[in-house]
1. Any residue at all in segment 51-68 that is surrounded by 16 or more Cβ atoms within 10 Å (Cβ to Cβ), of a type in the set (A, V, I, L, M) and modelled with pLDDT under 80?
2. For the condition at pLDDT 75 or above, part of a strand (DSSP E or B) and of a type outside the set (Ser, Thr, Tyr), what is the one hit in Glu113, Glu99, Glu91, Glu36?
Amino acid sequence: MDTHASAPPPRRVRLTVASIERSLEFYCGLLGCTLEQDSTDAATRREITVIAADGLSIRLLTATTPSPPTTPVTANQRGHTHLAFTVQDVEQVRRCIVESFGLPCTPTIVVREPGGAWDGLCLCYAQDPDGRTLELIEAAPQVPPTA
């Protein structure tokens with residue numbers, strides 16, 4: 001008996017950020033998300049909704065209290081999360097993150113998995129302005145069907 005539920009893909013995520021303006025510059029200006037809604041709640045927390053290219057709603061919420069110092073979480077530790085974005089040119093976006101935002105990025109790599117679904121894809125890992133890990137994957141070139 002199969003006990004696994006079939007769940008649709010997520011519709012939205014909410015990210016608490018230090019600066020709405022810097023996050024909008026990063027997610028909309030650099031990654032191509034579009035602004036859908038700008039609203040303020042009763043507690044004066046400014047919330048802005050951004051729609052990513054694939055329809056995922058990303059809600060940016062201003063932090064209302066200073067964050068306590070934390071120990072960084074590495075990729076293999078419980079609690080680590082990352083967001084993945086498909087971009088047209090990984091190396092161009094990577095350079096912009098490093099040069100314009102001063103944020104860390106890994107070098108761009110090309111996946112070598114002969115016969116695998118990821119074979120030939122270019123990708124890198126970066127951080128957003130609040131330290132979240134982002135996976136940037138270059139859109140695969142469209143190969144015209146052969147007749």
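The values are calculated or read from the model by the stated rules, or taken from the named source; none is laboratory data. Keep in mind that this is a model prediction, so the values were computed, not measured. All Cβ positions, glycine included, derive from the backbone under ideal geometry; neighbour counts span all protein chains shown.
1. Checked segment 51-68: at least one residue is surrounded by 16 or more Cβ atoms within 10 Å (Cβ to Cβ), of a type in the set (A, V, I, L, M) and modelled with pLDDT under 80.
2. None of the other options fit; the residue is Glu36.
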